[in-house]
Every structure is written in C-alpha cells, then in structure tokens.
Amino acid sequence: MNSPLKNIVESLIFVSQEPLTLERIQAVLEGVPAADIQAAVDELVADTAADDRGVQVVHVGGGWLFSTKPAFDREIRRLLQIERKNRLSSAGLETLAAIAYRQPVTQSEVSAIRGVDSTSSLKTLLEKSLIKIVGRKKAPGNPLVYRTSDEFLLYLGLNSLDELPSEEEIAKILQEEKAADA
C-alpha cells in the first residue's frame, strides 16, 4: 500500500542525517497520531526488507535511517572510493567493552579492569567518536569520566545499551564455543 503518510515518512527518513525518532517525526507531522506514524514506518521497513531492494530502513540508534544492504558493500565502497573501515584492535575492543558495561568510568577504572594502561585506546576511541567525555569525577585529581556515544550505537547497530548481551549471555556463548572446539 502506498499511503501518503508512508511516502512522507519515507522522505523524512531519507533526508535525515541521523536516526529519525518517532517523536521527531511526530513533531514534524503535527497532529498525526504516533500509532499512525508507527504503522507507516513498519510498512516502510517491511517494504524495504524485500530481497529485490538495494536499500533498507533500519531501526538503529533509537530511530530509523536508510541503509544500503550489506550484500552491496563491496560495490558501494568501490564507487565511493572508501577503504574498508579500520577495525578496532583487541585493546580497543577491550577498552570499549569495559566502558560500555561499566559506564560512566574513568581512565584509571578502565585500566584496572583491563589490567594494563588504556590511555592509547581511549584516545583512539575518542578520535573515532565511539566514546565521549561526560565530565569529571569528584575524586582526587578530578579525572575525566567516559561514556559510550550515540556513534557507538550506530557502529554496533544497536538502538540502546539495553541490547548489549548480558555477562551471563557472553559466558554462555564462550562456553558453547569451548565445547564446540573440544
């Protein structure tokens, strides 16, 4: 079904530079009930999920945005002359995980969790905008306090931190992998 509301919502999501939330769409479309907007978004998501489409509407970072389908990544990178994203080092991933699960944290807390100095990893994560400084801790030296950023959610394709696997889920996955390797 090609409703006018669905077409408007599609165009709003298309022009948005960041994930577009239901609240933001509702603010733009004054007087349109949230349920109607949600139904239009759901229909749009279903339409773009079809195999014959090169783009999709994804729910990430608390809102919706257009994304190319992963199957076409190679051709898109070639067209835009983009090198593959530099992957985070294991130290960067450890540091990011420590911050994601223990935030807000200071550099010394992250280093204590990892058992090694995390200064370099924190700098890299700040440069990639995966973490942000949110203030200073009221403690001797007033150390900086770090949290994950909205870019972190986009990078991992999450809507919120609640979608991170729990420590129990991670432990279960690791046990299953060990059992499979044995």
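The values are calculated or read from the model by the stated rules, or taken from the named source; none is laboratory data. Keep in mind that what you see is a predicted model, and the values were worked out from it rather than measured. Every residue, glycine among them, receives a Cβ derived from its backbone with ideal geometry; neighbour counts consider all protein chains shown.
Descriptive notes on the structure:
- Members of segment 123-158 that are surrounded by 16 or more Cβ atoms within 10 Å (Cβ to Cβ) and polar (S, T, N, Q): THR124, THR148, SER149
- If you check GLU30, GLU43, GLU10, GLU18 for being of a type in the set (D, E, K, R), surrounded by 12 or more Cβ atoms within 10 Å (Cβ to Cβ) and part of a loop (DSSP other than H, G, I, E, B), only one passes: GLU18.
- Hey, ARG114 surrounded by 13 or more Cβ atoms within 10 Å (Cβ to Cβ), touching a residue at least 40 places away in the same chain (Cβ under 8 Å) and among the basic types (Lys, Arg) or not: no
- In segment 129-145, the count of residues that are part of a loop (DSSP other than H, G, I, E, B) and in contact with a His (Cβ under 8 Å, 6 or more places away or on another chain) is zero.
- Checked against the criterion of being outside the structural domain of VAL58 (by TED's automatic domain parsing), aromatic (Phe, Trp, Tyr) and at pLDDT below 90, the candidates TYR155, TYR101, TYR146 yield just one match: TYR155.
- Single residue of segment 46-63 satisfying the filter (of a type in the set (A, V, I, L, M) and in contact (Cβ under 8 Å) with a residue 60 or more places away in the chain) that is surrounded by the most Cβ atoms within 10 Å (Cβ to Cβ): VAL58
- Failed item, numbered, when LEU93 is tested on (1) within 18 Å of the chain's Cα centre (by Cα); (2) surrounded by 17 or more Cβ atoms within 10 Å (Cβ to Cβ); (3) farther than 30 Å from GLU23 by Cβ: (2)
Rundown of residues vs (1) assigned to a helix (DSSP H, G or I); (2) under 19 Å from LEU153 (Cα atoms), yes/no style:
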site	(1), (2)
GLU23	yes, yes
ASP36	yes, no
ASP51	no, no
ARG74	yes, no
GLY92	yes, yes
